[in-house]
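Following: one structure in C-alpha cells, then a few remarks.
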Amino acid sequence: MAVKANKRKSRSTNEESLYDRKRGLIMILMLLVLFYVICQVGVSALVPTNTRHNNSHQRYRINNGLVNKRRKTCASKLDSSNLPDNDSSSPSHDDLTSFCELMSPVSSAQPDQMSASSLAYLGDVVFELFIRSRYVWPSRRMPQLQNTVVSLVNAEAQSKLLQKFVDDFKLTSAEQGVLARGRNASLTARKKGKGGESMYQDSTAFEALIGYTYISDKVRFNEMISWVRDELDKMDGV
C-alpha cells in the first residue's frame, strides 16, 4: 500500500512539474511578442511624420506609374491593331486581317468580270445583314423583327430606295453600268408581284450595285450604306 501511495505521489509531482514548464514557456513567448510590439511602436515614433508620408506617396506614384504604363501599352496595341497595314506582304498583316477581308471574296476576284446575278447574290445577303443588324436591338419579339426586316429587303422596298438613290447619289459610269447589267439580268427565281417586272429589275440592280461596291471599293460601299442608313432614320423618325 505504501509503495502504491509513493507512486501516485511521484506521478502527481511529475505532472505538476510538466505543467509549470509549459506555463513558463507560454509566459516567455508572451513577453517576446510584447517586446516586439514595443520595439515597432518605438521605431515608428522615432521616424518623422513627413518621412512616412513621403514614402507612402512615393510608393503610390510608383504603383500608379506602373498601372498607367500598362494602360498605355494596351492602348497602343489596340490602336496599332486598328491601323491599316499598307504593306500586305508583311508577316503581321495576316494577324491583323480585318473583318471585311474575311467576309469578302478573294483579292483576285474581278467584279467587272462577274455576272450581274453573282453580284446581286452577294449584295442581297450583305444588305440584309445590314438591315438585320440595325433592327436587332432594342430587343423585340421575333415576329415583329422578321416583319420589319422583310418589309425593307423585299423587291418593292429596294426599288423605292433605288429610285431615291439615283436622284440623290452621283454614280460613276462603272456604277451606272452595273445598274444596267442588274436590270437586264435574267433571274430564274424572279417573282411576279403587284409591282410588275420593272420592280424586280430595280431590286436586282440595287443588290448588284451593293455587291459590286462591297467587292471593289469598301469606302464607296460605306458611303452608299450610310445613305441608306440616313433614309431609314428618316423613315423611323430618328
- prompt: For segment 96-142, what does the alpha-carbon gyration tensor say about shape, rounded, prolate or oblate, given a ≥ b ≥ c as the root eigenvalues, a/c under 1.5 as rounded, and a/b over b/c as prolate?
  reply: oblate
- request: Round to the nearest 0.05 the FRET efficiency obtained for D236 and D112 when R0 = 41 Å and r is the Cβ-Cβ distance.
  value: 0.70
query: Using 7 Å Cα-to-Cβ label points, what is the D20/E128 separation (nm, one decimal)?
result: 9.8
query: Assuming R0 = 30 Å, what is the FRET efficiency of N154 and V219, from their Cβ-Cβ distance, to the nearest 0.05?
result: 0.60
- line: Residue span R229 to V166: 0.36 nm per residue of separation minus Cα-Cα distance leaves a gain in nm of 21.1 nm
task: Please give the contour-minus-distance gain from L102 to V136: 0.36 nm per residue of separation, less the Cα-Cα distance, rounded to one decimal in nm.
output: 10.0 nm
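Coordinate-derived values only; no laboratory data. In this text, all values refer to a predicted model and were calculated from it rather than measured experimentally. Neighbour counts run over all protein chains shown; Cβ positions are idealised from the backbone, glycine included.
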